[in-house]
Amino acid sequence: MQCSYFDAHLCRSCSAMGVPYAQQLQAKDEDARALLQPDDSVNWLAPQSSEESKFRNKAKIVIAGSAQNPTLGIVTRDGQGIDLSGCGLYDPTISAMMPVLRDLITRAKLTPYNIATRKGELKNILVTVSSSGESMIRFVIRSKKLLVAIRAEIPWLQQEITGLKVVTVNLLRDPVALVEGTEEIILTEQQTLPMQLDQLTLHLRPQSFFQTNTAIANALYRQGQEWIEEVQPASVWDLYCGVGGFGLHAALASTAQVTGVELSAEAIESGRRTAQDLGIRTINFHAEDATAFALSTRDDYPDVLVVNPPRRGIGKELTDWIENSSIKTVIYSSCNARSLARDMERMPSYCLRAARVLDMFPQTSHYEVITLLQRDVEPR
Ligand SMILES: C[S@@+](CC[C@H](N)C(=O)[O-])C[C@H]1O[C@@H](n2cnc3c(N)ncnc32)[C@H](O)[C@@H]1O
């Protein structure tokens, strides 16, 4: 794949741009094997390839410039806006939205925030799209000044963008390097974006994490589900569950009692809504810190533990707890094989039985890797 932004050094985040795709995938597979366990004792499944372009279901668009002439992309350290609205990684629904968003900024006079002068209002626009072309747009603004103007434009936006379901404003008042704040105001009647997967439709509320590449998310949940089906557990925990992808797939394919745990209350609300929609009664969700949840349970261990933490991994407290538990099967899915390798070292009684690289982020060196960790012996 070629990218004019990359070639012009305007955006270098796709560090593997220009490298043939088969080579990218092989490099990721080799990286994971080298970090986790290269020998033949592990069933290394063939890596899951992705579409090379147009796979991103979300865009974090930084707005800069002026309302008359905005840039939709990123800002440099000195606050200069770089327009990346033609990024080839975006799902076509996102690409088609870009001129509409640009028009909106101008027609509604949504003055971009200027980092250097700390003036202006509109900071970022966050877009998520489903595979059926429905979308959620969130305007990250500095104060409520633009609220009325944005609300007034919703009918126009919905006319211009077919399938636009959810519009919100998110308040990020402080001059901090964050993408979004905690306060969200939903401006549409519909509050969740339905994300269609092969086996179920997840409800996505604002402020809930969703995997970047929907086709690869499907393959990831299917892989976890397959391993869970093999074990036939009576109970499964899905820690760092987000909107419940792993847990809900487990509940669909087994009779296990499933528990999802996640810090974001919005994500938990999304999971509950999906379970209700599907009539699944064998899953319950807790909005809580994953480690605190685990440590607060006594000897009531699940048969299968799924963990899918952020890049930092699950950390020493939780690995120690797992190592000292009676859990026999851990499915650990990670977007950072380095922190996964470190966490695995802290759980020496588990053997890596199977693993698979899934290419969630083509054109970069990043990837998802899902692992099946098991032990035969009772813990000390
Ligand atoms: C990589 S995402 C995975 C989400 C989900 N498994 C999925 O497939 O979409 C990691 C999730 O962990 C959540 N998280 C971060 N820190 C946490 C913590 N200390 N306890 C519980 N969840 C946490 C984040 O909100 C995010 O939803």
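How much FRET efficiency would the formula 1/(1 + (r/R0)^6) give for residue 31 and residue 54, where r is the Cβ-Cβ distance and R0 is 30 Å, rounded to 0.05?
After rounding to 0.05, the efficiency reads 0.75.
If R₀ is 22 angstrom, what is the calculated FRET efficiency for the pair residue 156 and residue 182, using the beta carbon separation as r and rounding to 0.05?
0.20
Place the peptides 55-62, 293-300 in order of packing, highest mean first, counting for every residue the other Cβ atoms within 10 Å and averaging per peptide.
Packing order, densest peptide first, comes out as 55-62, 293-300.
Within 10 Å, count the other beta carbons around each residue, average over each peptide in 117-128, 345-356, and list them highest first.
Going by the mean number of other Cβ atoms within 10 Å, highest first, we get 117-128, 345-356.
Does the stretch 1-130 come out rounded, prolate or oblate by the C-alpha gyration tensor, with a ≥ b ≥ c the root eigenvalues, rounded set by a/c under 1.5 and, if not, prolate when a/b is larger than b/c and oblate if not?
Cα axes put the stretch 1-130 in the prolate bin.
Residues of the stretch 215-253 with backbone nitrogen within less than 18 Å of a virtual label 7 Å along the Cα-to-Cβ line of residue 365, please, listed as ranges.
What the label zone holds, given the 18 Å backbone N cut-off, is no residue at all.
Determine, for 1, 98, the number of other Cβ atoms within 10 Å of each Cβ, and report the residues in order from fewest to most.
If I rank by nearby Cβ atoms, fewest first, I get 1, 98.
For the stretch 1-67, which GluC sites (Glu not before Pro) are both in a DSSP coil and crowded by at most 16 other Cβ atoms within 10 Å?
51, 52
Just to be sure I understand: if I project the alpha-carbon convex hull of the chain onto a plane and average over all orientations, what area do I get in nm²?
Projected over every direction and averaged, the Cα hull of the chain covers 18.8 nm².
³J(HN,Hα) across the stretch 172-183 via Karplus (A = 6.51, B = -1.76, C = 1.60, θ = phi - 60°), whole Hz, x for Gly/Pro?
10, 6, 7, x, 10, 7, 10, 7, 8, x, 9, 8
Distance between Cα centroids, the stretch 298-375 to the stretch 59-114: provide it in whole Å.
With the stretch 298-375 and the stretch 59-114 each reduced to a Cα centre, they are spaced 38 Å.
May I ask you to compute the full-extension gain from residue 12 to residue 45, defined as 0.36 nm times their residue separation minus their alpha-carbon distance, rounded to one decimal in nm?
Additional length available on full extension: 8.8 nm.
Over the Cα atoms of the stretch 58-191, Rg to Rh with Kirkwood Rh, two decimal places?
With Rg and the Kirkwood Rh in hand, the quotient comes to 0.93.
Would you give the gap between the C-alpha center of the stretch 246-272 and the C-alpha center of the stretch 187-211, rounded to a whole Å?
So the separation of the two Cα centres works out to 14 Å.
Assuming a ≥ b ≥ c are the square roots of the Cα gyration tensor eigenvalues, decide whether the stretch 276-380 counts as rounded (a/c under 1.5), prolate (otherwise, with a/b larger than b/c) or oblate.
oblate
Compute the FRET efficiency between residue 199 and residue 78 as 1/(1 + (r/R0)^6), taking r as their Cβ-Cβ distance and R0 = 56 Å, and round to the nearest 0.05.
Computed FRET efficiency for residue 199 and residue 78 comes out at 0.75.
Of 109/144; 58/316; 123/144; 54/144, which pairs sit farther than 22 Å apart, going by alpha carbon to alpha carbon?
Pairs exceeding the cut-off: 58/316; 54/144.
Taking H as built 1.01 Å from N, whose amide H comes closer than 5 Å to the amide H of residue 197, not counting residues under 5 places away?
Close amide H contacts, sequence-distant or interchain: 202.
Every number in this text was worked out from the coordinates using simple rules, so none of it is lab data. Keep in mind that this is a model prediction, so the values were computed, not measured. FYI the Cβ positions are ideal-geometry reconstructions off the backbone, even for glycines, and counts take in every protein chain you see.
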